[in-house]
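Below is one structure, written out as structure tokens; comments come after it.
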Amino acid sequence: MEWRFALAGGAGTLLVREDGGTALLTGELPDDRRGLYKGWLTGEGGGRVLLGTFLPEQGMLRLHRRAPVSELRKKGAWPPAGARAELVYPSQNGRHRENTPLPPGWERAGEPGRFLGDPLLKRSAQGLKGILVRRRAEGVELAIPFSAGGALALTPLVCLMAPRQLGGQSYLCVQLDKKGWPIRPGADNPNAKRAD
């Protein structure tokens with residue numbers, strides 16, 4: 001069985017397909033560069049289930065998930081009745097001025113790609129401005145600016161980012177080990193596992 005739901009006023013879609021007790025969910029939105037979008041599935045039972053984050057892929061924002069139908073049913077989201085895409089973290093789109101005072105312990109990242117170990121992340125970081133870096137015993141922490149009206153930088157890392165206010169500005173922060181690989185949030189020791 002298959003369902004198709006309109007997202008973003010018909011500009012995007014969420015396709016839901018049942019395959020042997022598993023729901024295969026594929027969402028697509030135009031990349032409006034306004035920030036970070038999350039996808040939700042709503043059910044005839046009145047439930048609502050977070051599907052995850054739309055990530056940039058071939059010029060669009062896409063979401064790919066698999067979920068057991070039994071779990072969706074328990075949460076009241078099966079059979080599906082609708083879907084939503086919500087802007088949850090508006091981006092700053094480079095509006096952090098380069099001459100704003102730095103929070104204590106932070107410096108401007110310059111070329112943030114040099115701190116990243118993954119080639120995809122290095123490419124995503126090319127030309128980014130306004131990113132801050134703080135050196136830590138286990139590696140570095142990057143602070144990526146965001147607010148309403150612009151694109152979110154380094155979107156592939158968003159699930160590992162934590163929102164913070166630094167010097168009166170909004171940032172999403174991610175920790176990296178000494179080789180430039182993301183550290184799971186809450187991992188405070190140098191032996192914490194990489195999030196790869």
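The values are calculated or read from the model by the stated rules, or taken from the named source; none is laboratory data. Note that the structure is predicted; figures quoted are calculated from it, not measured. Every residue, glycine as well, gets a Cβ built from its backbone with ideal geometry; the counts of neighbours run over all protein chains shown. Side chains included, ligands, DNA and RNA excluded: accessible areas come from the protein's heavy atoms. Shrake-Rupley method; radii C 1.70, N 1.55, O 1.52, S 1.80 Å.
Connecting C-alpha atoms closer than 10 Å in a GNM of the chain, tell me which of 139, 45, 130 has the biggest fluctuation.
Greatest mean-square fluctuation among the candidates belongs to 45.
Quote the accessible area belonging to residue 1 in square angstrom, nearest 10, computed with a 1.4 Å probe and with ligands, DNA and RNA left uncounted.
Accessible area, nearest 10 Å²: 150 Å².
Can you compute 3J(HN,Hα) from phi for each residue in the range 5-15, using the Karplus curve 6.51 cos²θ - 1.76 cosθ + 1.60 with θ = phi - 60°, rounded to whole Hz and x for Gly and Pro?
For the range 5-15, the Karplus-derived couplings read 10, 6, 10, 6, x, x, 6, x, 9, 10, 9 Hz, x marking Gly and Pro.
Most fluctuating residue of 143, 162, 83 in a GNM of the chain with Cα springs under 10 Å: which is it?
162
So for the chain, averaging the separation of alpha carbon pairs under 8 Å that are six or more residues apart and normalising by length, what relative contact order in percent results?
It comes to 17 percent, rounded to a whole number.
Select from 109, 67, 23 the residue whose mean-square fluctuation is largest in a Gaussian network model of the chain (Cα-Cα springs shorter than 10 Å).
67
Heavy atoms only, probe 1.4 angstrom, no DNA, RNA or ligands counted: give me 38, 129, 122, 75 ranked by accessible area, highest first.
Values: 38 45, 129 140, 122 80, 75 120 Å².
The most accessible residue leads, giving 129, 75, 122, 38.
Extending each Cα 7 Å along its Cβ direction at residue 114 and residue 64, get the distance between those two points in nm, one decimal.
Going from the residue 114 label point to the residue 64 one covers 3.4 nm.
Whole-Hz ³J(HN,Hα) for each residue in the range 102-113, computed from phi via Karplus 6.51 cos²θ - 1.76 cosθ + 1.60 with θ = phi - 60°, x for glycine and proline: what do you get?
Whole-Hz 3J(HN,Hα) from phi for the range 102-113: 7, x, x, x, 10, 9, 6, 6, x, 9, x, x.
Compute the signed sum of charges (Lys and Arg +1, Asp and Glu -1) over the other residues within less than 13 Å, Cβ to Cβ, of residue 84. Show your work: numbers first, answer last.
Values: positive: 38, 48; negative: 86.
In short, +1.
When all protein chains stay in place, what accessible area (Å², nearest 10, 1.4 Å probe) is found for residue 107?
Solvent-accessible area, nearest 10 Å²: 80 Å².
Suppose every Lys and Arg Cβ carries +1 and every Asp and Glu Cβ carries -1, with no other charges. What dipole size does the chain come out with about its Cα centre, to the nearest 20 debye? Before the final figure, lay out each step's value.
Details: 29 positive and 19 negative charges, 76 e Å.
Result for the chain is approximately 360 debye, rounded to the nearest 20.
What does the helix-only formula give at 222 nm for the chain: each DSSP H stretch with n ≥ 4 adding -39500 (n - 2.57), the total divided by the residues, and the result rounded to the nearest 500 deg cm²/dmol? Please report the intermediate quantities before stating the final value.
Values: 2 runs with 12 residues, N = 196.
About -1500 deg cm²/dmol.
Above 31 Å lies some portion of the pair distances; for the chain, what is it as a whole percent of all C-alpha pairs? Each step should come with its number before you reach the end.
Values: 5186 of 19110 pairs.
Value for the chain (Cα pairs over 31 Å): 27 percent.
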